[in-house]
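Data first, discussion second: the structure below is written as structure tokens.
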Amino acid sequence: MIEWWDKQIQRADQLGAQANGSKELLTFYAQLLRAQKDIYDYLRGRKDWLPSGDLENDWSVLSETFPKLLKAVQTYGPVSLAAEARDLSATDNVVVPERLIKYWRSASDLQFFAKALLQPYLKWLAESDGRPVGRAIAASERHCPFCGGNPQVSFLQNKETTAESGNRDLICATCLSSWQFRRVVCANCGEERPAKLGYFHSPKFDHVRIEACDTCKHYIKGVDLTRVGFAAPIVDEIDAAPLDLWARERGFTKIELNLVGV
Ligand SMILES: [Zn+2]
Ligand SMILES: [Zn+2]
């Protein structure tokens, strides 16, 4: 079975090579995914070590991976992020963990470096049966049950299930794990009235749609894996960036921006 990171990387390479969607964003994202996979592999392969879930504690190990992430962003990132990466590589070793812990306590989608670094860390924390420490986790079906993060994207897939709404899942923007969610419900405010929930898609991205809510004016993208089974939701979501433009023009705000800022 192909490993999760490799699947994302392959899909980003594949979509980036087509001139269909957002070539530049995907080219950068493919390199970012490679850097994140390296971080994940490093943490996972470390002998006699498992993440404790306490970021202050784990920073001594995680910090060893940070320079490579900065290097990747300097090499492949857009100008402003590359400049920020350069500045960060020159800052002392106190500023970065402070920012990281701040992000951890109150995650914001504008904190690119913290988000990029913590995704592989938290993915491994979840897979190694750890628990996040020092982070309040909202008891809401609209937040990730593992880390409390916002949903990044939703996806539909065929599952053998008796529950009528059992085939929609959300992917967490913070730790990349996914959880089941009801199908016709706003992932931001919980609105359930069908008249308040709108969908938009364009023939150019047949398996991706905007799922918008008129009550809270937020939206998320949904990827339909029953149409394109080999799609990777977090990657296809980036490819379909033109749909975000459509949603923004109509006054909708995305629940959580993705790593490339869309
Ligand atoms: Zn999460
Ligand atoms: Zn809503």
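Okay, here's what the table says:
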| read-out | value |
| --- | --- |
| Total residues in the stretch 7-55, condition part of a helix (DSSP H, G or I), free of Cβ contacts under 8 Å to residues at least 60 places away in the same chain and of a type in the set (Phe, Trp, Tyr) | 1 |
| Among (1) open to solvent by 40 Å² or more (accessible area, probe 1.4 Å); (2) of a type outside the set (Gly, Ala, Ser); (3) touching a helix residue (DSSP H, G or I) at 6+ places or on another chain (Cβ under 6 Å) - the single one VAL133 does not satisfy | (3) |
| Residues (more than 16 Å from ligand 1 (Cβ to nearest atom), under 23 Å from the mean Cα position of the chain (by Cα), under 28 Å from ALA139 (Cα atoms) and not basic (Lys, Arg)) located in the stretch 199-224 | TYR199, ILE210, GLU211, ALA212, CYS213, CYS216, HIS218, TYR219, GLY222, VAL223, ASP224 |
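Let's see how each residue does on (1) within 16 Å of ligand 2 (Cβ to nearest atom); (2) under 18 Å from GLY149 (Cα atoms); (3) small (Gly, Ala, Ser); (4) touching a Cys at 6+ places or on another chain (Cβ under 9 Å):
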residue	(1), (2), (3), (4)
GLN180	no, yes, no, no
TYR199	yes, no, no, no
ILE234	no, yes, no, no
GLU249	no, no, no, no
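The values are calculated or read from the model by the stated rules, or taken from the named source; none is laboratory data. Nothing here was measured: the structure is a model prediction, and the numbers come from that model. With ideal geometry, Cβ positions are generated from the backbone for all residues, glycine too; neighbour counts draw on all protein chains shown. Please note that ligands, DNA and RNA were not included when accessible areas were found on the heavy atoms of the full protein model with its side chains. Shrake-Rupley method; radii C 1.70, N 1.55, O 1.52, S 1.80 Å.
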